[in-house]
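Engineer: Okay, here's the structure, questions in a sec.
The values are calculated or read from the model by the stated rules, or taken from the named source; none is laboratory data. Keep in mind that what you see is a predicted model, and the values were worked out from it rather than measured. All Cβ positions, glycine included, derive from the backbone under ideal geometry; neighbour counts span all protein chains shown.
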Amino acid sequence: MKQRATIPVFIPEEACPHRCVFCNQHHITGKAKAPSTAQVKKIIEEHLVTLKGIPHLEVAFFGGSFTGIPISQQQEYLEVVRPFIERGIIHSIRISTRPDYITKEILAVLKSGHVRTIELGAQSLDEEVLRLSGRGHSVEDVENVALMINAHGFDLGLQMMTGLPGDTPQKSEYTAKRIIDLGAKNTRIYPTLVVKDTDLEILWRSGDYEALTIAQAIEFSIKPYLLFEEAGVEIIRVGLHPSEGFLSGDDLLAGPFHVAFRELLLTEVWKRIYQKIDCPEKKNAITLVVPEEELQFAVGHGASNKKMLQNRFRYVNYLPIKRLEFPGCSQVFSLI
Ligand code: SF4
């Protein structure tokens, strides 16, 4: 039984004044019109039918920047959720927004509307990457607002992107370290995709931007992933998921889109662990102890890790055990 579930409500920002190079918000959300409060209530009620018995239910306002819409509209949406919270049916609210769309006044509105988590699209904590990506905010904006959010008692989420214009694996690693230092409780790692009708499409077509391959995206994302794991920052998502808006159809022009990107990344993590096994001679058998929830990654996407090991050992056995019985696990991860 799942311990918690999220009811997503997409609120596209109909007139976002910004022009981040990677974003075509209508394509990302797949919807251009904000739902009415009646529609939001209906979305929640429909999800509740299928989520019976789950101890923690959260409503998440995703899409554009929630705090970019008029305050009265934010309050109207939050008021829809209030009765569910007061009756103990919904337990928390999450919103996502831009770092420069938060003020003390807005935080007060969110607080009184029972919002628990504020997720900021930080994307990078490198000034040049932010500038080249047309984000329209600075590193300092992210840092200042992260402090405010923490000081007001919200849970802070900081999303990052890898492979933006000007980004390098080192800058992505630095961004992850800063996200941890800023006290984020959760994060998402999104490798950059080239989407139709964006400025990144123009840069890509002119040759001024080269899209990451999947292997490169893993290289950019692996250190951030391991740093977050080690620091206990919850990694909500790695890679864009089809449920977030589009499949690899006409909208997606280039970039490391893969429905199982997280699996590929964790396959690489375990591959690097297994490559370190020191075994000069071909041995008969090896038994590999792995936390049970990591088993599919230890075996690898398409059993690639198992096949690699079978070239060195006649028999390869995996012994899945509960993570608590595997105290070396996080240390092993940090060795990579
Ligand atoms: S990613 Fe940038 S352009 Fe897209 S909705 Fe957010 S702020 Fe606006």
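Engineer: Out of (1) buried (at least 23 other Cβ atoms within 10 Å of the Cβ); (2) modelled with pLDDT under 95, the odd one out for D197 is which?
Structural biologist: Only one criterion in (1) buried (at least 23 other Cβ atoms within 10 Å of the Cβ); (2) modelled with pLDDT under 95 is unmet by D197, namely (1).
Engineer: So L227 clears everything in (1) over 15 Å from L164 (Cβ atoms); (2) in contact (Cβ under 8 Å) with a residue 12 or more places away in the chain; (3) assigned to a loop (DSSP other than H, G, I, E, B) except one condition, right? Which one?
Structural biologist: That leaves (3) as the condition not met.
Engineer: Which of the residues spanning segment 117-145 are under 26 Å from R4 (Cβ atoms), without any contact (Cβ under 8 Å) to a residue 40 or more places away in the chain and either away from the ligand (no atom under 12 Å from the Cβ) or surrounded by fewer than 20 Cβ atoms within 10 Å (Cβ to Cβ) (or both)?
Structural biologist: The one that is under 26 Å from R4 (Cβ atoms), without any contact (Cβ under 8 Å) to a residue 40 or more places away in the chain and either away from the ligand (no atom under 12 Å from the Cβ) or surrounded by fewer than 20 Cβ atoms within 10 Å (Cβ to Cβ) (or both): I118.
Engineer: So, of the residues in segment 24-51 that are at pLDDT 85 or above and charged (D, E, K, R), which turns out to be farthest from the ligand (Cβ to nearest atom)?
Structural biologist: Ranking the qualifying residues of segment 24-51, first place goes to E45.
Engineer: While we're looking at this one, here's another question. I'd like to verify a number: residues in segment 62-95 that are in contact with a strand residue (DSSP E or B) (Cβ under 8 Å, 6 or more places away or on another chain) and at pLDDT below 95, how many?
Structural biologist: 8
Engineer: From the list L200, L158, which residue is within 14 Å of the ligand (Cβ to nearest atom) and aliphatic (A, V, I, L, M)? Talk me through it step by step, then tell me what you get.
Structural biologist: Values: L158 fails: within 14 Å of the ligand (Cβ to nearest atom).
Only one candidate passes the filter, namely L200.
Engineer: Any chance segment 281-288 includes a residue that's surrounded by fewer than 15 Cβ atoms within 10 Å (Cβ to Cβ) and in a loop (DSSP other than H, G, I, E, B)?
Structural biologist: Initially, segment 281-288 is screened for residues surrounded by fewer than 15 Cβ atoms within 10 Å (Cβ to Cβ), giving 281-285, 287.
Pick out the ones that are also in a loop (DSSP other than H, G, I, E, B) and you get 281-282.
Yes, there is a match, as at least one residue in segment 281-288 is surrounded by fewer than 15 Cβ atoms within 10 Å (Cβ to Cβ) and in a loop (DSSP other than H, G, I, E, B).
Engineer: Determine whether R87 is more than 14 Å from the ligand (Cβ to nearest atom) and in contact (Cβ under 8 Å) with a residue 60 or more places away in the chain.
Structural biologist: no
Engineer: Helices (runs of 4 or more DSSP H) wholly in segment 121-213 with at least 2 residues that are within 14 Å of the chain's Cα centre (by Cα) - which ones?
Structural biologist: Hits in segment 121-213: 169-181.
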